[in-house]
Amino acid sequence: MDLINSLMRRVRSSKSKYLLGAAPLLSGCEISAEELGQQFDWSERKISEEESQQYFEHIDECREIQVKIKNSQACDWTPFIERKDILVWRREHPSMKGMYEYKMYGNFDDVTAEEFLSVQLDMTEFRLTWDKSTAQCVVIDEDRDSAKNGIVYYWEVNWPRFFSNRDYCCYRENSVEERTGTMVVVSHSVEHPACPSKKKTWRVEDYHSVLAIRPHTTSDKPGIEFSLTGFENPGLQLPESIITWVAVRGMPEFMMNLRAACIKLREERSAGGRSSKFSPESYQPRMGQSSIYA
C-alpha cells in the first residue's frame, strides 16, 4: 500500500500519461491511406554481419563477467538477480542516469536449442497460454527477401492497473552461426506506418534486445546456455521497486515459463504421438494476423 500511495502521488503531481487505463484496443487505431502508402525501408533495419558476430559472442561475454565478479575484478556489470539456473546483471546507461541495461545468463539442461528457439519465435496464440505478460502481439509486416526472417511486429505488455500497458513496434530477425551452432534473435524499436501508437498505452520508443542460444552439444539434444541482453527507455523515471518488478517479470520469470512450455510441448507430443492442445499448430492467429513475442 505504501508503494501504491507513492505511485499515485507521482501520478497526481506529474499528471503523466502513464496513469490509468490499459485495455487493449487495436481496432481503435486509425491509419490513413497516406501512412499506409509509405514504404518501409528494410535495408536500414537489417543487422550487419559484423554486428551479428558480436552477438554470437554474448554467451562468452557472460562467462567472462562471471569470472570477473567471482575474482572481484573490475566489471561494468553488477549482480542484480539470482535464480536457480539464471543470473541477471545490470549496468547504468552511459548517458541516461537512473536507467539500466540488463544482461541475463541461463543454463538449462532439460530443453533443446531447437525447442527453445521454436517457442521463442512462436507465431500462434499458444504464446498467450503461457506468457501472461503479453496482452497482444501481431506481425505487422514481413521482409520476404530476408534470409534472416525479418519482420516488424506490434507488442503490448500488461502492466498493473495503476499504469497504462506498454506497447512496442519492433523489427526482429534471427540467425545461426554454423561454427558453434549459436542462435541469435535481435529486436529493436522502429517506426512503421501500419503500427501507430494507441491512445490507452504508453509507446516505448527506445527498445533493444539480443537473445543468444548455444546448445551444449547439438541443437536437437537437451542442454543449452543462453544470454538475453536488453535495454528500454520507458520515457519517465520509475521507482526502483517498479524497475525491479519489471526486470524480474520480464527476464527470469519469462524464461522459466518458456522453459516449462518447451517441456510441456515435448511431453504432450510424446504421450499422444501428435500435436496436442498445447501445440502452437493448434492455435489460430488473432485478427487475421500472427502472434509473436519480442
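Laboratory data are not the source of any read-out in this text; all were calculated from the coordinates shown. No experiment lies behind these values; they were computed from the predicted model shown. Heads up, the Cβs are rebuilt from the backbone with ideal geometry, glycines too, and the neighbour counts pull from every protein chain shown.
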Item checked: Anisotropy class of region 105-177 from Cα gyration tensor, a/c 1.5 cut -> oblate
Next item on the list: Could you count how many Lys pairs in region 44-288 have their Cα atoms under 18 Å apart, skipping same-chain pairs fewer than 8 positions apart?
Entry: 9
Next item on the list: May I have the convex hull volume per residue, in Å³, for the Cα set of region 44-288?
Entry: 154
Note to self: I'd like the distance separating the alpha-carbon centroids of region 207-234 and region 110-169, in whole Å.
What the structure shows: 15
Check: Rounded, prolate or oblate: which fits region 139-230 when a ≥ b ≥ c are the square roots of the eigenvalues of the alpha-carbon gyration tensor, with rounded for a/c under 1.5 and prolate only if a/b beats b/c?
Finding: oblate
Margin query: Can you list residues from other chains, or at least 5 along the same chain, whose modelled amide H is less than 5 Å from the amide H of TYR100?
Written below: HIS93
Next item on the list: State whether region 60-133 is rounded, prolate or oblate according to the following rule on the C-alpha gyration tensor (a ≥ b ≥ c being the square roots of its eigenvalues): a/c under 1.5 gives rounded; otherwise a/b larger than b/c gives prolate, and the remaining case gives oblate.
Entry: oblate
Next item on the list: Starting from the Cα of ASN233, step 7 Å along the direction of its Cβ; do the same at PHE162; then give the gap between the two resulting points in nm.
Entry: 2.6
Notebook entry, point to check: If amide H atoms are built 1.01 Å from N in the plane of the peptide, which residues on other chains or at least 5 residues away come under 5 Å of the amide H of THR124?
Noted result: SER291
